[in-house]
Amino acid sequence: MADQNIKVDQEPPSVASQDGKLHEKIDRFISALNGDDQSSPPEITESVQTFADLFDVMIVEHESGSKRWIQLEEDASSLFIESIDRTAKLLKSLSRFHSDENYAAAINRLSGVQQRAMCVLEVEFKSIMDDYQTSYDRDRKNKPDEAKRKQLSSSSSNVQETPEPELPDQSESQPVKDEFLGYSDEMSSNLNKLAQGLISGGHETECCELYLFVRRNAMEQNLKLQRFEKFSIDEMQKMQWEPIEKEVVSWMKLFKEFSTSLLPSERRLADAIFSGHTTISDRLFSNLTRIILLYFLSFAEAVMLTKRSAEKLFKFLDIYETVRDVIPEVEKLISAERLQQLKSGASLINTIIGESIFNIFIELENSIKSDATKTPVPGGAVHPLTRYTMNYLKYACEYSDTLEQVFQEHKKIDGESQNQSNYGSQLARIMDLLDANLEAKSRLYKDPSLSLIFMMNNGRYILQKTKGTGEMRSLLGDPWVRKQSSDLRNYHTSYKRETWTRLLQCLSHEGLSVNGKVMKPVLKERFKSFNAMFDDIHKTQTTWVVSDEQLQSELRVSISAIVIPAYRSFMGRFSQVFTPGRQTEKYIKYQPEDIETCIEELFDGNTGQSKKR
Amino acid sequence: MPPTDNQGSFLNRISIRRNQVVSMDVNHEQELEELELFQKHVSDRFLQLLPPQSPLPSSTGEETDVVDTPERLLSIAWFRKLLDVYLCCESEFKAVLIIGRDATHFSKPPLDRLLPDHLDRTVKALDICNAITHGIELIRHWQRLAQIAVDALEQRPIVEGHVRRAKRALNTLLTSMTTDDKEQNVHPGKLAERMWSISRRGGGGSAPPTVNHNRRISDNSPTIITLVSRSLSSSFTKSWSASKQIQAMCANLVAPRGGDSTGLSLPVYLMSSVLVFVMWTLVAAVPCQERVGSGTHIQLPRHLVWTHPMILLQEKIGEECKKKEKKGTVGLLAEIQVIEKVAQSLVEFAEGFEFPVGGEKADEVAAQVMELVEICRKLEVGLGPLQLQVRELFHRMVRSRAEVLDVMDVVGKINTNVLY
């Protein structure tokens, strides 16, 4: 902060004050040296010494830190670069006669000065390069001056002797959006100038190393700030899935951001600073990309090498999609040949992850096939296996395009898969297996009616889930839906037959009258058995579960539709046979309305006394 | 040469996917013969890696690569050969282990323990491969710095400017080399800062700038440009250490004893040993995170054919290690060692530089620069392929691991897991 008051213009500019005369003299001397006359070297003019001394002074100002490049006026910085160019030319011309003692001494002196000048350029290049503020900082703190202050105090500015004078009002007035990657236009044009100077002075390598170093650090710093962890494969093996899952989520976000926003910005920065040197900016940018991309890919590799399990499917798919989509984004910015190795890395990841995904489905198949829990679900409700499988598939179907791709690729690698050509048929096969397994589970119920309710419940659940997931519906196709629906209807019909046909036999008019006369004892028996049977059904089937409301009401309606009219007509025909009063009360336990009420209570899953759920 | 070739997996050949394990009955004698052959091949391959003056006579005498000038121990060319050896052994191992085997062995002792151990070592080796990839990146950086020195010192006459430039580059190089080894726990940013210390001239900031004609270079050790090793080689979280991983890989690595039922524990042991050996050598040679103290020796029994050349190699490398330990610096990679040696001597020259340089001195410098040129050329030619090969190793290990896991999965799993 002490340097705040430095005014660049106040200092007497030592070299700038010299008029062009000295430079003219030097230039004349250079052309004299380059003349055809090879015989004897001309006398080295006094001006060479003066030039070297003045240049030296100029350099010392920078070396001592009393002058900073970023504060230089346009012509001062141009003069510096010009002096370097002139020195380079001079050196080149002098070297023709380097065997001459005087010439050698002059070369030695000038080369030393020149080298120090290059050092100054390097230092200045590095220090401006360092003076970025990460986009992360900028985003978090919308107050630019505060961010700036923080950035200055942090480690990124390494030249401690002279912190850049801070001009708060200026930085506030400067629109932040003009900067990219934290470099203002002014900074980037200065960097460009310095880079040009370094490259033309033969210090291309130094310049590139500096650039790579700063930008690489910046990107790594950025990753670190966003809590990107570089887990080793070994570490990841020992981690629980849940924390890994969280890491995957942030990895995806970072990786996408990296490819769509950070990388293009890096590309523009490299192009801006090394304008006119495409080969250099290409090389630097691709080196940088390669290094950072490697971190991202290593993460994916570490995840893909963790033990495969069903729960990992979705994150595996996320990784697969991310890698698949990011690489083309990167390819837009780098020539393919430079990306060769990374592409093969990415393809390994997706091959392995693809295989895992495929195998997860095979394992799902196997576990459905072999799921042999012996305890039936109470009340014939939807089995957990059904719920699990359907919900799993429902989520999986959100990735159905990717899954299709994975299955297609697997088909290419794995020659033996004949019928399992695509995800659709994989899905159908899982449904069949599930169906077969449920069928077997339904046999665990002793009551065939309950088996049917169980099948209905599960079938209904499967159908509803399928219809509710557009992708799954279209993958399984109309015939499957039709088949599923007709199965459900069959279960329904069978159930009605199983439970209610016997009851309806009690209400049959046949065999009750002989020669037009109602036989009372038989009628009494009929009523008695009807009542007992109905009581029994009511008692059992109110404990059964049909949680799907529509199915529940469909069942009740269709039961009512067969029982109530039959009962009504039976009552209408035979109730007057009994003597009103005690006898009627004894045998006619239910009015048709009561029957209806009782039917409405079926499948409520009521256990024990409590009538209300 | 693309590192991945999806040449179809072994899965196809033994078709285990649908719970069917094809078990061809390999008769016992054939099995033994196969094992014998495998061990002999491994032994032969490692023999080729020994330096020529090695006293060990070749076991068969049918080696024909006298024409091939043997690569210098621990040079890039040697490592490329070593990695090739690994890849060959690995292919053969998989063939011996998987093809035509009754896969049910995998779920029975001792394989049910040996194979997971081997896979665990593979996982650690994968991390090491990644660390090595980063290390090679660092060597590239060193190469570029050395190239600066070459460019500067190749020019004639040798003048202050060139010497100064070369010195800076070489100092940076040497600092980076030692930093990599010693400053293990320094935060990369911090280190960068420290190394990028711009020591202004001795006069101090307040003194008015003066022209000093006779400034000696050593008065003015200017900016060290540095690309910092630490951040380059820190491929993992801080706690990760290459040497610890090597140690962990050595744990439980013991030669099988007595008659075991399948005869497969020997090849598993062999492959693990080869793997650990290769990783140990890589870590000893290439800079990577926390590689100090990787002096761990793999305990190899002497009674097996194939351990012999490996033991000899280990001894030779151990000697190199000891030589290095005194100087206490970078990895054992032959090229790096030359660079280090030449760089030190050139920096010395630069420290004492006075113009003009006498003819004898100039010749000396020229010879050293030539040495540096040669090394830079070797690095230029060798590092890329080496890095690719390390990657190939990585890919291969990933694949093999998946294949072995699949076999183990199928036979090991009597699917009782409840999903819900």
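Each value in this text was obtained by applying a stated rule to the coordinates, not by laboratory testing. For clarity, every value in this text was computed on a predicted model and none was experimentally measured. Heads up, the Cβs are rebuilt from the backbone with ideal geometry, glycines too, and the neighbour counts pull from every protein chain shown.
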Fewest-first ranking of A:Cys207, B:Cys88, using other Cβ atoms within 10 Å as the exposure measure: B:Cys88, A:Cys207
Return the loop-located trypsin sites (Lys or Arg not before Pro) in region A:391-493 (DSSP other than H, G, I, E, B) with at most 16 other Cβ atoms within 10 Å of their own Cβ; answer none if there are none. A:Arg443, A:Lys446
Give the Rg/Rh ratio for region A:507-600, taking Rg as the radius of gyration of the Cα atoms and Rh as the Kirkwood radius, to two decimals. 1.03
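Compute the signed sum of charges (Lys and Arg +1, Asp and Glu -1) over the other residues within less than 14 Å, Cβ to Cβ, of A:Leu198.
-2
What does the highest-first list of A:503-515, B:135-147, A:44-56 look like by mean Cβ count within 10 Å?
Values: A:503-515: 13.2, B:135-147: 22.7, A:44-56: 17.8.
Descending packing order for the listed peptides: B:135-147, A:44-56, A:503-515.
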Between A:Ala561 and B:Asp102, the two model label points (7 Å from Cα along the beta-carbon direction) sit apart by a distance in nm of 6.3 nm
Report the net charge of residues surrounding A:Tyr103, where surrounding means a beta-carbon distance below 13 angstrom and charges are Lys +1, Arg +1, Asp -1, Glu -1. +1
Taking every alpha carbon pair in region B:326-383, what does the distance histogram look like in 10 angstrom bins from 0, in percent? 20, 46, 26, 7
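What dipole magnitude, in Debye to the nearest 20, does region A:507-600 give about its Cα centre under +1 on Lys/Arg Cβ and -1 on Asp/Glu Cβ?
On the way: 12 positive and 12 negative charges, 162 e Å.
Approximately 780 debye in magnitude.
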Divide by every residue of chain A the summed helix terms, -39500 (n - 2.57) for each DSSP H run of at least 4, and state the resulting mean residue ellipticity at 222 nm, rounded to the nearest 500 deg cm²/dmol. -23000 deg cm²/dmol
The FRET efficiency for A:Glu229 and A:Asp401, from their Cβ-Cβ distance with R0 = 25 Å and rounded to 0.05, is 0.25
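Of A:Lys517/A:Lys586; A:Lys517/A:Lys539; B:Lys244/B:Lys322; B:Lys124/B:Lys322; B:Lys324/B:Lys361; A:Lys126/B:Lys238, which pairs sit farther than 30 Å apart, going by alpha carbon to alpha carbon?
Numbers: A:Lys517/A:Lys586 21 Å; A:Lys517/A:Lys539 35 Å; B:Lys244/B:Lys322 19 Å; B:Lys124/B:Lys322 26 Å; B:Lys324/B:Lys361 28 Å; A:Lys126/B:Lys238 27 Å.
Checking Cα-Cα distances, A:Lys517/A:Lys539 exceed 30 Å.
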On a 0 to 90 degree scale, rounded to 10, what angle separates helix A:204-225 from the longest Cα axis of chain A? 30 degrees
FRET efficiency estimate (nearest 0.05) - Cβ-Cβ, B:Cys88 to B:Glu315, R0 25 angstrom: 0.60
Roughly how crowded by other chains is peptide A:113-121, in terms of the mean Cβ count from those chains within 10 Å of each of its Cβ atoms? 5
Relative contact order (percent, whole number), region A:381-497, Cα cutoff 8 Å, 6+ residue spacing: 35 percent
Work out the mean other chain Cβ neighbour count within 10 Å for the residues of A:229-241 and drop it here as an integer. 5
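Which GluC sites (Glu not before Pro) in region A:547-613 pass both tests, a DSSP loop state and at most 15 other beta-carbon atoms within 10 Å? Don't skip to the end; give the middle numbers.
On the way: sites: A:Glu549, A:Glu554, A:Glu585, A:Glu593, A:Glu596, A:Glu600, A:Glu601; in loops: A:Glu601.
In loop regions of region A:547-613 (DSSP not H, G, I, E or B), the sparsely surrounded GluC sites (Glu not before Pro) are A:Glu601.
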Given R₀ = 22 Å, what would the calculated FRET efficiency be for A:Ser265 paired with A:Gln71, taking r from the Cβ atoms and rounding to 0.05? 0.25
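Counting partner chain Cβ atoms within 10 Å of every residue's Cβ in A:349-358, what's the average? Please list the in-between numbers first.
Details: counts 1, 0, 7, 5, 0, 0, 5, 1, 0, 1.
Across A:349-358, the average partner-chain Cβ count within 10 Å equals 2.
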Taking the Cα centre of region A:381-497 as the origin and placing charges on Cβ (Lys, Arg +1; Asp, Glu -1), which of A:Leu427, A:Leu475, A:Asn437 is farthest toward the positive end of the dipole? A:Asn437
Give me D for region A:336-399 in µm² s⁻¹, whole number, from Stokes-Einstein with Rh from the Kirkwood sum over alpha-carbon pairs, 25 °C and 0.890 mPa s. 165 µm²/s
Spin-label model distance (nm) - A:Ser513 vs B:Glu33, 7 Å beyond Cα toward Cβ: 9.8 nm
Can you tell me the orientation of helix A:144-153 relative to chain A, as the angle in degrees between its alpha-carbon axis and the longest Cα principal axis, to the nearest 10? 70 degrees
Pairs of alpha-carbon atoms within less than 8 angstrom and 6+ residues apart define the contacts here; what relative contact order does region A:507-600 have, in percent? 40 percent
Given the candidates A:Leu254, A:Leu305, A:Leu333, the one whose Cα lies deepest towards the positive end of the charge dipole of region A:226-360, counting +1 at each Lys or Arg C-beta and -1 at each Asp or Glu C-beta, is A:Leu333
Quick one: Debye curve from the C-alpha atoms of chain A, no solvent, what's log10 I(q)/I(0) at q = 0.06, 0.12 Å⁻¹? -0.60, -1.17
In vacuo Debye sum over C-alpha of region A:205-319, base-10 log of normalised intensity I(q)/I(0) at q = 0.10, 0.18, 0.23 Å⁻¹, listed in q order, is -0.36, -0.89, -1.24
Using a ≥ b ≥ c from the Cα gyration tensor of region A:542-597 (square roots of the eigenvalues), is it rounded, prolate or oblate, where a/c under 1.5 gives rounded and otherwise the larger of a/b and b/c decides, a/b for prolate? prolate
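Restricting things to Cα coordinates, could you compute the convex hull volume per residue of region A:381-497 in Å³?
Working: hull volume 11.7 nm³, N = 117.
Per-residue hull volume (Cα only) is 100 Å³.
Work through the residues other than B:Trp306 whose Cβ is under 15 Å from its Cβ and net out their charges, Lys, Arg +1 and Asp, Glu -1. Before the final figure, lay out each step's value.
Values: positive: B:Lys40, B:Arg45, B:Arg302; negative: B:Glu34, B:Glu36, B:Asp44, B:Glu90, B:Glu92.
Summing Lys and Arg as +1 and Asp and Glu as -1 gives -2.
Using the count of nearby Cβ atoms within 10 Å as a rough guide to exposure, how do A:Met239, B:Met249 rank from fewest to most?
Lowest count first: A:Met239, B:Met249.
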